[in-house]
Structures are given as C-alpha cells and as structure tokens.
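To start, the structure itself, in structure tokens.
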Amino acid sequence: MRVLIIRLSSIGDVILVSSVFNALKKADVEIDILTDKSIASIFVPDHRIKKVMGVNKKKLSFYAIKELADTLKKENYDYVIDLHNILKTKLLTKFLPFKTVKYNKQSIWRREVIFFKFLKRKKQLYVPELYAKAVRKIGIEVSKNPTPDIFIPEETEKHISRLLPHKKFVVIAPGARWKGKAYPIRKYKKIAQILRRIGYEVVTVGGKADVEAGMEITGAYNLNFCGRLSLLESMAVIKKANFVISNDSSAVHMARAVKTKVAVIYGATHPCFGFAPLESEGTVIKKELPCNPCSIHGKVRCEHLKCLDISPKEVVTKALQMTSQ
C-alpha cells in the first residue's frame, strides 16, 4: 500500500504526524508526506518516509492547488490521509482521484469550549489519537494514544553535542506566536536563576524572534540557541537536555518527539484542546480560572493575563517533580 499524508502547518502539528509513522511502516505501507517547505527538512533523514514534498502554504492559490494536484495525480496512491482538513487541503483532495480519509479536528467543540467553559472538564482531546483514528479508517492498526517520534541523524547529534554545556542542563523555550501563550520573560529569567542555584545550566531554543528573550534568560551567546539552529538541530539540543520548560508551543512537541520530558506552561489556551503531553511525556502547569480558556491559539485581547500569573518557583517545583516520576 502507498499513502500520501498531508499536513501543511504548523510546526508542532506537523511533528505530531510522526506519531502514526511506526504503525504504517509495521503494516508495510509506503509513506509520502506533503507539508510546508519550511518544515519539510525534519522528515528528510527519516528512513520511514519514501518521499518528502514541500510547498509554500501561503502561496497555495486555487490555481497553485490545481497545478499541485496535476503533479500528484501521476503518483499511484492507494489513499490520501488529510491530517490538516482545512479549505486548501479539502480542495486539493477534491482534485485528486485517490481515496481520501480526513482527520476530525473537532474544531466546533473547541470553539464551544471558549463560550461554555464547563466543557473543558467534560472531554480531553489528544491530537495524535485523532490522527490515529484517521489512519485506522484505511485498515491500519494503530495503538491507542500513539506518541510522536522524530529521527535525529547521528551526525547532527554529534555536531550539537560539541556546542552544549559539559554539565546537566535544562532547555527553556520562551517563544510563543500570541501573547496569550507567552509566559513573561522576566519570570523565565527567574526560573533560570533558580535552576542554576540547584546545579543546572540553562540553554534556550527558539526562532529568530526569540533571540533577544534568549539572551535575557541565559545572559550568554553560547547558551542561547534561538535563531541559530535548524529544526532538527533544535530537537537535538532538546534530546540531550535533562528536561524542557516551554510555553504551549512547538517546542513541546519537539521534546515529546525526542523523548525528553517537558513542563508546559498554559495561559489563555487549555490542555483539553489536545496538544498537552501525556503523563509519561511531561506535565502541565496551569492556573484554573473562570475565564479560561479564552482562545484556541492564544490570540487574545485580555490585558491582565491572570492565567499566566504563575510563580517561577511553582514552575521549577513541578518540573522537578515531573523528572522524579
């Protein structure tokens, strides 16, 4: 059997797609993947993937989608597995002659939670399980709640090892696309101070937008990897860490994919939306308020952000408890 998996964005969601790779390979399925070209590189070294195709999601106009479909029609797929299920991927699959199964993202329920807060206590989504349900539709056996798994090449690990501290260290990932997810940098700085006092070095990972925050937290260029590494190199750093402390962002899923425990700080969003780690993967740090969650993605108008009023000491305590479990 040959399948095409489609997930165009975002980084964390694309990483979570790897949770179904092992089940597909065990069933001797040939896997091609279509994603955004800015993310595609994470799959290139993966022996489980036959072909990695990168596109520019932002430039996928109607005509670009039609042209892409004409190219994909030349492939002999048994199934297309749409793990994004947005307008662009729906249109693409309409143009393709292959059988298609889609991921049920439960977007209506997620939006209902924003208005009816009590629903957050009624159901807990888990995105890898939702992906698995789509894959099961084509007759593939996938274990309950599969976990992401990204392959890091040995040469990448060796290169990164030469850049890392020669003592135990923790990764802090301060980046967040929206302010409703952004734990204050001054508090991350305090977390770093506490960790150093108990014997840990602290390094930061993130994108170019996080360089200044990384410097403020670490106080040293050689410990601030924000904006300096590829996605795979960032995951190699995380893989070597004792644990990770992160906002509700892609770094959480990077950690899960390399089996490093992660403490996730939640603000305007909520674990019930499906992106929280399992207990075996990490821990959730959140402040339950009557007003949260107020956003699916963290884009808020709120000025007080009391949901992020979590003390650095509490974050460190819960992160250390996580590592002892």
Note to self: Can you find a residue that is over 21 Å from Asp32 (Cα atoms) and among the charged types (D, E, K, R) anywhere in segment 95-104?
What the structure shows: no
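Listed here are the residues, each with its yes/no results for (1) surrounded by fewer than 16 Cβ atoms within 10 Å (Cβ to Cβ); (2) within 30 Å of Leu289 (Cα to Cα); (3) β-branched (Val, Ile, Thr).
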| position | (1), (2), (3) |
| --- | --- |
| Lys144 | yes, no, no |
| Ile150 | no, no, yes |
| Trp178 | no, yes, no |
| Lys181 | no, yes, no |
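Checking the structure you have, find out if any residue of segment 182-205 is under 29 Å from Trp109 (Cα atoms) and of a type outside the set (Asp, Glu). So that I can check it myself, show each step before the final result.
To start, the set of residues in segment 182-205 that are under 29 Å from Trp109 (Cα atoms) comprises 182-183.
Next, only the ones that are of a type outside the set (Asp, Glu) stay: 182-183.
So far as segment 182-205 goes, yes, one or more of its residues are under 29 Å from Trp109 (Cα atoms) and of a type outside the set (Asp, Glu).
Can you confirm whether Lys57 is in contact (Cβ under 8 Å) with a residue 24 or more places away in the chain and charged (D, E, K, R)? Talk me through it step by step, then tell me what you get.
Values: in contact (Cβ under 8 Å) with a residue 24 or more places away in the chain: yes; charged (D, E, K, R): yes.
Considered against the rule, which asks whether it is in contact (Cβ under 8 Å) with a residue 24 or more places away in the chain and charged (D, E, K, R), Lys57 comes out as yes.
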Check: For segment 193-230, how many residues meet the condition of being more than 25 Å from Ile42 (Cα to Cα) and either charged (D, E, K, R) or not assigned by TED's automatic domain parsing to the domain that holds Val252 (or both)?
Finding: 5
Check: So how many residues does segment 64-98 have that are surrounded by 13 or more Cβ atoms within 10 Å (Cβ to Cβ), in contact with a strand residue (DSSP E or B) (Cβ under 9 Å, 6 or more places away or on another chain) and either in contact (Cβ under 8 Å) with a residue 24 or more places away in the chain or not assigned by TED's automatic domain parsing to the domain that holds Val29 (or both)?
Finding: 16
Next item on the list: Scan segment 102-126 residue by residue and report those that are crowded, with 18+ Cβ neighbours inside 10 Å and in contact with a strand residue (DSSP E or B) (Cβ under 7 Å, 6 or more places away or on another chain).
Entry: Tyr103
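Inside segment 1-80, counting only strands (runs of 3 or more DSSP E) that do not spill past its ends, which hold 3 or more residues that are in contact with a Lys or Arg (Cβ under 7 Å, 6 or more places away or on another chain)?
Values: elements: 2-6, 30-36, 49-55.
Strands (runs of 3 or more DSSP E) meeting the threshold: 30-36.
So which of Ala213, Ala209 is under 19 Å from the mean Cα position of the chain (by Cα), modelled with pLDDT of 95 or more and over 27 Å from Glu279 (Cα atoms)?
None of the others qualify; the one that does is Ala209.
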Notebook entry, point to check: From the set of residues in segment 194-213 that are out of contact with any helix residue (DSSP H, G or I) (no Cβ under 8 Å at 6 or more places or on another chain) and not in a loop (DSSP other than H, G, I, E, B), which is nearest to Lys261 (Cα to Cα)?
Noted result: Arg196
Margin query: I need the full set of residues from segment 142-184 which are out of contact with any Gly (no Cβ under 9 Å at 6 or more places or on another chain), of a type in the set (A, V, I, L, M) and not in a loop (DSSP other than H, G, I, E, B), in order please.
Written below: Ile160, Val170, Val171
Margin query: I'd like the full set of residues that are touching an Asp or Glu at 6+ places or on another chain (Cβ under 9 Å) and among the small types (Gly, Ala, Ser), limited to segment 53-85.
Written below: Gly54
Checklist line | Close pairs (7 angstrom Cβ cut-off, 6 or more residues apart or separate chains): in the same structural domain as Val237 (by TED's automatic domain parsing) in segment 170-188, among the acidic types (Asp, Glu) anywhere | finding: Pro174/Asp210; Gly175/Asp210; Lys181/Asp248; Ile185/Glu216
Next item on the list: Take segment 237-257 and flag every residue that is crowded, with 24+ Cβ neighbours inside 10 Å and part of a helix (DSSP H, G or I).
Entry: Val237, Ile238, Ser250, Ala251, Val252, His253, Met254, Ala255, Arg256, Ala257
Check: Of the residues in segment 270-325, how many are in contact with a Pro (Cβ under 9 Å, 6 or more places away or on another chain) and among the small types (Gly, Ala, Ser)?
Finding: 1
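The values are calculated or read from the model by the stated rules, or taken from the named source; none is laboratory data. Everything numeric in this text was worked out from a predicted model, so none of it was measured. Cβ sites come from the backbone with ideal geometry, for glycine too, and all protein chains shown count toward neighbours.
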